[in-house]
1. At what distance in nm do the modelled label points of Gln176 and Arg249 sit from each other, each positioned 7 Å from its Cα along Cα→Cβ?
2. Once R0 is set to 51 Å, what does the formula 1/(1 + (r/R0)^6) return for the Cβ-Cβ distance between Lys154 and Leu313, expressed as a FRET efficiency to the nearest 0.05?
3. Using a 7 Å offset from the Cα along the Cα-to-Cβ direction at both Ser234 and Gln272, what is the distance between the two label points in nm, to one decimal?
4. Given the range 256-321 reduced to its alpha-carbon atoms as identical point scatterers, what log10 I(q)/I(0) does the Debye formula return at q = 0.20, 0.24, 0.26 Å⁻¹?
5. For the chain, take N as its residue count and report Rg(C-alpha) divided by 2.2 N^0.38 Å.
6. Please state the charge dipole magnitude for the chain, taken about the Cα centre, from unit charges on C-beta atoms (+1 on K and R, -1 on D and E), reported in debye and rounded to the nearest 20.
7. Tell me, what does the Kirkwood hydrodynamic radius of the range 188-274 come to in angstroms if you use every pair of distinct C-alpha atoms?
8. Indicate the gyration tensor shape class of the range 46-198 (rounded, prolate or oblate), computed on the Cα atoms with a ≥ b ≥ c the square roots of the eigenvalues: a/c under 1.5 is rounded; otherwise a/b larger than b/c is prolate and the rest oblate.
Amino acid sequence: MRRILVIGASGQIGCELTAALRIKFGNDTVIAADLKSSPGNPKSSGPFLPLDVLDKETLSVQVRRQQVGTIYCLAAMLSASGEQHPHKAWQLNMQGLLNTLEVAREESVEKIFWPSSIAVFGPDAPKMNCPQETKLSPTTVYGISKSAGEDWCKYYHDRFGMDIRSLRYPGLISYQSMPGGGTTDYAVAIFYAALKMRFYQCYLKADTHLPMMYMDDAVRATLELMDAPGDKISVHTSYNISAMDFTPREITVEIAQHIKGFESFYNADFRQAIADSWPGSVDDSAARKDWGWKPKFGLSETVEAMLEQLKHLARPNSAIY
Ligand code: NAD
Ligand code: SER
């Protein structure tokens, strides 16, 4: 079997996806690659390659040398950081993808996964149950890069017949590594604040509705999409995918069911405008129909799972029930 290369393997998704791929295909088959390893990176369980996705020549040499047949290209700058560094975000998100696509074409890589995001949608898209096909008018550089990236993926599929698969992940909630630079990061930070301090200062307004997903569902969706027979894939840009949607107020109430007295305070910053430009929920019926997508974690299951995993952070006399 040709090997699997995960670029951006030290990040929030990368460390968990790499671990899942290693369980499925064997440790040595899956190469974790990133600028740096991180505590969350399962380095000890398999090979780690220091790699800059912007260095096309090294990427090409490694793909050939390591006999790579599948690439997961996760390296990107997320929405909030992207608004602070628009040109850097464009460079990483676009050139990283283009290098991956071009090396994959030159080296006859069999399959590629590249994540898109709910950030492809802008204020012109329907707010609730946002359809698979609608006008994309992203207002962030991150969203523009994801929208353009989707078109590049389709172009390489249509023109060169390459097998490229993609999901528009919603905000992802996980405990193994901290998210970095996203607008949806509050939905992870809130658990740490709840357990350590019993209050959370939220940078979004209380009623900001956003689509979210627990990491176990996101990793499973990724593996299921990659396993699906090619003739089941009808979307060659990126699939909408959904699990739950909620507001900061709603997740606060849910956490307070477990942590007595927990409350959130709201002080919106620049990330509010980003969140306001995105849909509150998406319609993922194409993913359900084409390859059988079905989420397992709703809000209450996610809160229970997160608190169980992070309970060691709780203050000694904190009431978790
Ligand atoms: P992350 O920021 O946690 O991880 C990104 C990783 O990429 C980091 O480990 C970083 O070191 C690495 N990286 C950065 N520049 C690199 C380079 N030049 N070469 C190699 N590696 C480099 O991001 P994440 O949350 O794990 O997201 C992964 C992908 O999923 C991204 O494409 C992101 O847009 C997408 N996505 C994430 C979410 C989410 O909520 N986390 C939602 C939608 C889409
Ligand atoms: N979670 C991501 C962000 O907030 C969405 O792609 O940037």
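1. Calculated label separation equals 3.5 nm.
2. So, using R0 = 51 Å, E works out to roughly 0.75.
3. Once both label points are built, they end up 4.1 nm from each other.
4. -1.00, -1.05, -1.09
5. On the way: Rg = 19.2 Å, N = 321, 2.2 N^0.38 = 19.7 Å.
Rg over 2.2 N^0.38 Å, computed on Cα atoms: 0.97.
6. Result for the chain is approximately 540 debye, rounded to the nearest 20.
7. Its Kirkwood hydrodynamic radius stands at 15.2 Å.
8. Details: a/c = 2.02, a/b = 1.34, b/c = 1.51.
Oblate, since a/c reaches 1.5 and b/c is not below a/b.
Read-outs: derived from the displayed coordinates by stated rules, not from any lab. All of these numbers come straight from a predicted model, not from anything done at the bench. All Cβ positions, even for glycine, are placed from backbone atoms using ideal geometry, and neighbour counts span all protein chains on display.
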